[in-house]
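A.B. asks: One structure coming up, written as structure tokens, with questions to follow.
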Amino acid sequence: MKKTNTLVIAMFLAIFLSATNLLAAPQSVQIFTSDNADGKITTKSIDDAFVKSGLMIDGNNDMNKPFKLRFKNTHYKTYNLAMFRNKAITLKLLKKYPTFGLLTPLTMSIWSDKGTMNISTLTLAGIARTGEIPIDDPDLIAYSKSIEKALRTAMPNGKFKKLNHTIKFPKKSFQTRYTMDLEIEADTDIEELKEEFEEEFEGEMEPIGFLMPGYLNLLDELFEPDGYDAYDFYDTYSVCKFDVIYPVSKLHPEAGAYAPCSFYLYKKKGENKMHMGWLGVDNWITTIDINDKESIKPLRDAHKMIEDIVKEMIE
């Protein structure tokens, strides 16, 4: 009987500690909110505040326009998906962590609802986990602080909402990564090789409803101006799909902290390989309490579509 009681107590303790760890896991997404009854805070004023704070805006897209055309309805008075980055810190992080392209640029959703303006971004913990970066990395901390500075500049009377999302698998990044072997001869034009791949990639993605609202050539943007010569190429795409973000945003407007998704591809000098990757949709599902089928199905379907295209292209 004593052994049985001990076993039961141990089981309950394990369950309790597991639940406690989930509750204690830091939030991956944050929502900064402000009263906006007078309408003075706009997506344009937010853009300006981010730029003033030292961040670059790579795009700020009004999603309600295509939502109205495609679905005849919108969920919020304003709903935008924006892409942004800190140029200097991004360069530092990419030098240390080559796959940081999956967070270059970072993203945010901006929405107005019932007299408030809201902005969702990834937290320090969210960037660290998804990017597989130590949370105490000084450049990552500086990046997180620059985001908070921009948010407070954009909405001086704003505050962070208290969120209690259950963070499942708090240490798992859910990165999706692939490597393609390249046949490179002495006369191979690397730039042409890359362009052919990208043309095929775009040609496969667009007919099935994917949009690419952003594109960055990081050699031109960051590496060459700095004299950093480790890559033959490093590009990132911002990828989204209306059939995904429309249903997801209805119940989870903060999901824009992960969207548009950043897809990277790079080739290091001296390697005959091309590396590709993006954040898996399980990041969305396991960090912002997505439980409804209407959101989960399009997320998983979209992920599988991208994965199938990449697999076919690298075979």
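No value in this document is a laboratory result; all are computed from the given coordinates. Just so it is clear, the structure is predicted and the values come from calculations on it, not from any experiment. Counting neighbours? That spans all protein chains shown, and the Cβs are built from the backbone with ideal geometry, glycine included.
A.B. asks: Identify all lysines with a Cα-Cα distance to Lys77 below 16 Å; exclude those on the same chain that are fewer than 8 residues away in sequence.
C.D. replies: Correct list for Lys77: Lys40, Lys44, Lys65, Lys68, Lys114, Lys250.
A.B. asks: Return the sequence-ordered ³J(HN,Hα) values of the range 279-292 in whole Hz as given by the Karplus equation 6.51 cos²θ - 1.76 cosθ + 1.60 applied to θ = phi - 60°, using x for Gly and Pro.
C.D. replies: 6, x, 5, 5, 4, 4, 5, 8, 10, 10, 6, 7, 10, 7
A.B. asks: Moving on. Each residue of the range 126-142 in order: what ³J(HN,Hα) in whole Hz does its phi give by Karplus 6.51 cos²θ - 1.76 cosθ + 1.60, θ = phi - 60°, with x for Gly and Pro?
C.D. replies: In residue order, the calculated couplings are x, 5, 4, 5, 5, x, 6, 10, x, 5, 9, 4, x, 6, 5, 4, 4 Hz.
A.B. asks: So, one more: Just to confirm the filter: which GluC sites (Glu not before Pro) across the range 150-243 are DSSP coil and have at most 14 other Cβ within 10 angstrom of their Cβ?
C.D. replies: Working: sites: Glu183, Glu185, Glu191, Glu192, Glu195, Glu196, Glu198, Glu199, Glu200, Glu202, Glu204, Glu221; in loops: Glu183, Glu185.
In loop regions of the range 150-243 (DSSP not H, G, I, E or B), the sparsely surrounded GluC sites (Glu not before Pro) are Glu183, Glu185.
A.B. asks: So which residue, out of Asp38, Asp282, Asp181, gets the largest mean-square fluctuation from a GNM of the chain using Cα contacts under 10 Å as springs?
C.D. replies: Top of the fluctuation ranking is Asp38.
A.B. asks: Which aspartates and glutamates does Lys159 reach when only Cα atoms under 17 Å apart count, and residues fewer than 8 places away in its own chain are ignored?
C.D. replies: Asp35, Asp113, Glu148, Glu254
A.B. asks: In addition: Obtain the nm distance between the two label points defined at Glu195 and Phe160 by a simple spin-label model: each point lies 7 Å from its Cα along the Cα-to-C-beta direction.
C.D. replies: Calculated label separation equals 4.6 nm.
A.B. asks: Can I ask one more? Just how far, in whole angstrom, is the range 171-200 from the range 211-236 if you go by their alpha carbon centroids?
C.D. replies: Result: 14 Å between the Cα centres.
A.B. asks: Please give the Cα centre distance for the range 282-315 versus the range 123-156, rounded to the nearest Å.
C.D. replies: Between the Cα centres of the range 282-315 and the range 123-156 lies a distance of 25 Å.
A.B. asks: Would you mind checking which residues have amide H under 5 Å from Phe233's amide H? H placed 1.01 Å from N; only 5 or more apart, or other chain.
C.D. replies: Result for Phe233 returns Lys267.
A.B. asks: Continuing with this model, one more query. Do the sum for the chain: with -39,500 (n - 2.57) for every DSSP H run of n ≥ 4, divided by all residues, what is the mean residue ellipticity at 222 nm, to the nearest 500 deg cm²/dmol? Mind showing how you got there, number by number?
C.D. replies: Working: 10 runs with 130 residues, N = 315.
It comes out at -13000 deg cm²/dmol, rounded to the nearest 500.
A.B. asks: Among 297-307, 228-238, how do they line up from the highest to the lowest mean number of other beta-carbon atoms within 10 Å? Kindly include the intermediate steps, with their values, before the conclusion.
C.D. replies: Values: 297-307: 17.1, 228-238: 19.6.
Order by mean packing, descending: 228-238, 297-307.
A.B. asks: Same structure, new question: Pop out the ³J(HN,Hα) list for the range 186-198 in order, Karplus 6.51 cos²θ - 1.76 cosθ + 1.60 with θ = phi - 60°, rounded to Hz; leave Gly and Pro as x.
C.D. replies: Using θ = phi - 60°, the values come out as 4, 9, 5, 8, 4, 5, 5, 4, 5, 4, 5, 5, 5 Hz.
A.B. asks: Could I ask something else about it? Over all distinct alpha-carbon pairs, what is the Kirkwood Rh of the range 28-150 in angstrom?
C.D. replies: On the way: mean 1/r = 0.0653 Å⁻¹.
Kirkwood radius, the range 28-150: 15.3 Å.
A.B. asks: Also: Give the lysines reachable from Lys96 as a straight Cα distance under 18 Å; neighbours fewer than 8 places away on the same chain don't count.
C.D. replies: Lys87, Lys267, Lys268, Lys269
A.B. asks: Taking a quarter of the surface of the convex hull around the Cα atoms of the chain, what do you get in nm²?
C.D. replies: Numbers: hull surface 80.5 nm².
That works out to 20.1 nm², a quarter of the Cα hull's surface.
A.B. asks: A further question follows. Considering only DSSP states other than H, G, I, E and B, which trypsin sites (Lys or Arg not before Pro) in the range 128-225 qualify as loop sites with at most 16 other Cβ atoms within 10 Å?
C.D. replies: Counting only loop positions with at most 16 other Cβ atoms within 10 Å, the trypsin sites (Lys or Arg not before Pro) in the range 128-225 are Lys161, Lys162, Lys168, Lys171, Lys172.
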